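A.B. asks: Dumping the structure here so I can ask a few things about it.
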Amino acid sequence: MLPKVLAGCLIGAFVTLLLPRELVARWVGHESGFTGLLIAAFFGFLLPGGPITIYPVAGAFLVMGADAGAVVAFIVSWTLIGYTRALVWELPFFGSDFVIWRIVAALPLPIVAGLLARAAVRAGFEYREGAQ
Amino acid sequence: MTLAINVLLWLVVGTLALIAAMRGRVLLNEGSRAGVMEFILLLPRIGIGVVGSGFVAEALPNEWIAPWLGPESGFFGVLIATLGGALTPGGPVVGFSIGAAALKSGAGAPQVIAYSTAWALYAIHRLIIWEVPMMPARVVLLRAAVSLPLPFMAAAIAMLLGRP
């Protein structure tokens, strides 16, 4: 169990250092369509760190023109299928079989959430008031 | 299974360390130090959590868990678990140790999945402490609203998949 936790910590530290965040933000703009949701969900999975890293990045995505659907997919993905969280926190309590099963059950959810958010925006939900 | 995961993880660590090393010795040192420091800081918390979850399991009212949240509790159990998750305050140690303890005390796996999914997505304290200060409030509202059905979906998919 502990070697996995140590590996999770090291992966998190290296990815934070190696991944250029500006590039991430460019890929999930509001014209990005379904692919943008997939990319956002993938980065949510990939990007390590706790809430203190994730929400500022999500906020930056918004400012740089990412749409609400992509940002929602990103946050939900980080929350439910992010590997650092699962490795560091969940694995010691539940064991690998349960964690893998839970993550498989959660795989479609970031996309579902992103699509729901886009539908709400199309139906007239204004979310940019506060941002501008 | 555990061995395979360990090998895979350390391969990833090795690859990342190699990439970092190719960009410079400083980056490799910085990454290794940050990762090991985080691990050391986490150790006592994980220890407390794992030992504590045993105590939580003893403290939880066992005679209620099986009938209300057991594998036979179905959708109603998922609903109660989701509400419980939304109302559980505290960090990962608290959320996951309660989930693990409930599982040991006879809760059904889909119900525990609903609990930890709800807790991860919209535990009220997290919205207030983390999300609202860092993002526009209406985006937080939108994110929380579209997240409402997700614990039910996770539990449903888990039921369809069946236990591993």
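The values are calculated or read from the model by the stated rules, or taken from the named source; none is laboratory data. Because the structure is a prediction, the values reported are computed rather than measured. As a convention, Cβ positions derive from the backbone with ideal geometry for all residues, glycine included, and neighbour counts pool all protein chains shown.
A.B. asks: Only one residue in A:LEU80, A:LEU62 is modelled with pLDDT of 90 or more, at the interface with chain B (Cβ under 9 Å from one of its Cβ atoms) and either within 14 Å of the chain's Cα centre (by Cα) or not in a loop (DSSP other than H, G, I, E, B) (or both), so which one is that?
C.D. replies: Sole residue among the options that is modelled with pLDDT of 90 or more, at the interface with chain B (Cβ under 9 Å from one of its Cβ atoms) and either within 14 Å of the chain's Cα centre (by Cα) or not in a loop (DSSP other than H, G, I, E, B) (or both): A:LEU80.
A.B. asks: Which of the residues belonging to region B:53-89 are within 24 Å of B:ILE124 (Cβ to Cβ) and exposed (fewer than 15 other Cβ atoms within 10 Å of the Cβ)?
C.D. replies: Matches in region B:53-89: B:ALA59, B:PRO61, B:TRP64, B:PHE75, B:PHE76, B:LEU83, B:LEU87, B:PRO89.
A.B. asks: Kindly provide the set of residues from region B:104-128 that are at the interface with chain A (Cβ under 8 Å from one of its Cβ atoms) and surrounded by fewer than 24 Cβ atoms within 10 Å (Cβ to Cβ), ordered by number.
C.D. replies: Across region B:104-128, the qualifying residues are B:ALA109, B:ARG126.
A.B. asks: Report whether or not B:THR88 is under 27 Å from B:ALA154 (Cα atoms) and in contact (Cβ under 8 Å) with a residue 40 or more places away in the chain.
C.D. replies: No, not satisfied.
A.B. asks: Of everything in region B:18-32, what is within 8 Å of chain A (Cβ to nearest Cβ) and either surrounded by fewer than 15 Cβ atoms within 10 Å (Cβ to Cβ) or not acidic (Asp, Glu) (or both)? Give them in sequence order.
C.D. replies: Residues satisfying the conditions are B:ILE19, B:ALA20, B:ARG23, B:LEU27, B:GLY31, B:SER32.
A.B. asks: If you scan region B:73-103, which residues turn out to be at the interface with chain A (Cβ under 10 Å from one of its Cβ atoms) and either assigned to a helix (DSSP H, G or I) or modelled with pLDDT of 90 or more (or both)?
C.D. replies: B:PRO92, B:VAL93, B:GLY95, B:PHE96, B:SER97, B:ILE98, B:GLY99, B:ALA100, B:ALA101, B:LEU103 - these are the residues of region B:73-103 that are at the interface with chain A (Cβ under 10 Å from one of its Cβ atoms) and either assigned to a helix (DSSP H, G or I) or modelled with pLDDT of 90 or more (or both).
A.B. asks: From (1) in contact with a helix residue (DSSP H, G or I) (Cβ under 7 Å, 6 or more places away or on another chain); (2) without any contact (Cβ under 8 Å) to a residue 12 or more places away in the chain; (3) more than 10 Å from chain A (Cβ to nearest Cβ), pick out the condition that doesn't hold for B:PRO61.
C.D. replies: If we test B:PRO61 against (1) in contact with a helix residue (DSSP H, G or I) (Cβ under 7 Å, 6 or more places away or on another chain); (2) without any contact (Cβ under 8 Å) to a residue 12 or more places away in the chain; (3) more than 10 Å from chain A (Cβ to nearest Cβ), just (1) comes out false.
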